[in-house]
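Visitor: I'd like to ask you about the structure that follows.
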Amino acid sequence: MFPKNVIAIDGPAASGKSTVAQKVADKLNGFYVSTGNMYRAITLFLMQSKLDLNSEATPEKIDSLLKKLDLSFSKTADGKLSMTINGATADGAIRSPEVAKYVSRIAAMENIRNWLIDRQRNLSKLGLIIMEGRDIGTVIFPDAKYKFFITASPEVRARRRLAQSGETPEGSTVASVAKEIAERDEMDSKRKIAPLKKADDAIFIDTSEMTVEEVVNHIASFVKETPII
Ligand code: DC
């Protein structure tokens with residue numbers, strides 16, 4: 001019983017999986033979904049709700065705030081999915097360094113992950129989805145036929161993140177970004193619930209020495225050539 005319309009792509013921060021997943025979605029006419037952006041949207045919403053994430057982020061407080069959050073997706077005219085946070089289209093604010101600072105902590109909370117599970121699974125009703133994150137192949141769609149785990153060396157990942165303007169604090173260096181990424185990976189891999197982990201049946205791709213096009217073609221060809229049982 002494999003969901004045939006789900007391509008699960010997992011991997012650590014700045015591994016290139018978002019760029020790759022978006023291009024795979026374009027190539028195969030599917031919808032791209034970044035689950036990291038969902039965690040970032042919740043983090044931003046909690047910050048805007050004036051919750052002090054250092055001292056007040058208790059499960060009870062978060063549960064009561066989540067009741068006031070509507071995180072929705074709608075199809076756009078150009079065939080993509082647009083995410084809205086309480087009716088407002090999510091913008092660059094979800095990718096700010098401030099949000100990045102707290103998102104791993106928020107993503108480690110059980111009630112946050114539980115709140116998202118069905119919302120993420122339901123997106124597969126929209127058609128072919130290419131969903132990227134940390135636990136898509138292990139927890140969200142463990143039966144997906146197409147699973148990939150994408151990574152790259154820490155230095156390559158730091159250089160890629162630095163090249164994405166607006167996502168790193170001013171004055172960042174390869175070394176400082178590598179440190180921030182390593183800390184986040186450690187938190188994401190060591191948490192108890194749904195840690196960053198390659199599913200046993202996922203295809204491992206180290207993209208350190210590959211171009212985006214090579215990775216995209218590798219995934220798209222595999223999907224086209226591997227029939228669903
Ligand atoms: O992919 P990203 O860097 O935008 O993800 C932001 C954070 O969200 C990252 O630190 C880990 C967390 N995350 C997660 O725990 N599970 C997912 N499926 C996706 C992201």
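Visitor: Taking the range 50-66 as the region of interest, how many residues are open to solvent by less than 50 Å² (accessible area, probe 1.4 Å) and at pLDDT 95 or above?
Guide: 3
Visitor: Just checking, how many residues over the range 123-142 are farther than 17 Å from Ala21 by Cβ and either at pLDDT 95 or above or within 14 Å of the chain's Cα centre (by Cα) (or both)?
Guide: Selection size over the range 123-142: 2.
Visitor: Kindly establish whether Thr58 is more than 16 Å from the ligand (Cβ to nearest atom) and more than 25 Å from Glu213 (Cα to Cα).
Guide: Here the answer is yes, as Thr58 does meet what is asked.
Visitor: Can you name the condition, by its number, that Leu69 falls short on among (1) open to solvent by less than 40 Å² (accessible area, probe 1.4 Å); (2) in contact (Cβ under 8 Å) with a residue 40 or more places away in the chain?
Guide: Condition not satisfied by Leu69: (2).
Visitor: Here's another thing I want to ask about it. Sort through Gly133, Gly171, Gly137 and tell me the only one that's under 26 Å from Gly79 (Cβ atoms), out of contact with any Ser or Thr (no Cβ under 6 Å at 6 or more places or on another chain) and of a type in the set (Gly, Ala, Ser).
Guide: When all the criteria are applied, what remains is Gly137.
Visitor: Quick one: what pairs do we get from the range 99-119, first residue closer than 18 Å to Met131 by Cα, second hydroxyl-bearing (Ser, Thr, Tyr), C-beta under 6 Å, 6+ apart or different chains?
Guide: Note: pairs meeting the criteria are Ala107/Tyr39.
Visitor: What are the residues in the range 150-173 that are at pLDDT below 90, in a loop (DSSP other than H, G, I, E, B) and closer than 23 Å to Asp135 by Cα, if any?
Guide: The answer is Glu167, and nothing else.
Visitor: When you go through Asn54, Asn37 one by one, which is the residue that is under 27 Å from Arg160 (Cα atoms) and polar (S, T, N, Q)?
Guide: One residue alone meets the criteria, Asn37.
A quick yes/no check of all residues on (1) open to solvent by 70 Å² or more (accessible area, probe 1.4 Å); (2) more than 11 Å from the ligand (Cβ to nearest atom):
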position: Ala107; (1), (2): no, no
position: Ile112; (1), (2): no, no
position: Asp118; (1), (2): yes, yes
position: Arg121; (1), (2): yes, yes
position: Arg159; (1), (2): yes, yes
position: Ala182; (1), (2): no, yes
position: Asp185; (1), (2): no, no
position: Ser189; (1), (2): no, no
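Visitor: Here's something else I'd like to know. Tally the residues that are more than 18 Å from Val24 (Cα to Cα) and within 18 Å of the chain's Cα centre (by Cα), restricting the search to the range 194-218.
Guide: Of the residues in the range 194-218, 6 are more than 18 Å from Val24 (Cα to Cα) and within 18 Å of the chain's Cα centre (by Cα).
Visitor: Quick check, is Ala178 buried (at least 22 other Cβ atoms within 10 Å of the Cβ), over 14 Å from the mean Cα position of the chain (by Cα), assigned to a helix (DSSP H, G or I) and in contact (Cβ under 8 Å) with a residue 12 or more places away in the chain?
Guide: Here the answer is no, as Ala178 does not meet what is asked.
Visitor: If you go through the range 123-145, how many residues are more than 9 Å from the ligand (Cβ to nearest atom), in contact with a helix residue (DSSP H, G or I) (Cβ under 8 Å, 6 or more places away or on another chain) and open to solvent by less than 10 Å² (accessible area, probe 1.4 Å)?
Guide: 3
Visitor: Report yes if some residue within the range 110-119 is part of a helix (DSSP H, G or I), closer than 19 Å to Ala8 by Cβ, among the polar types (S, T, N, Q) and touching a helix residue (DSSP H, G or I) at 6+ places or on another chain (Cβ under 7 Å); otherwise report no.
Guide: no
Visitor: Looking only at the range 1-49, filter to residues that are polar (S, T, N, Q), surrounded by fewer than 24 Cβ atoms within 10 Å (Cβ to Cβ) and within 15 Å of the ligand (Cβ to nearest atom); which one of those is nearest to Glu98 (Cα to Cα)?
Guide: Asn37
The values are calculated or read from the model by the stated rules, or taken from the named source; none is laboratory data. Keep in mind the model is a prediction, meaning the values are calculated, not measured. Every residue, glycine as well, gets a Cβ built from its backbone with ideal geometry; the counts of neighbours run over all protein chains shown. Please note that ligands, DNA and RNA were not included when accessible areas were found on the heavy atoms of the full protein model with its side chains. Shrake-Rupley method; radii C 1.70, N 1.55, O 1.52, S 1.80 Å.
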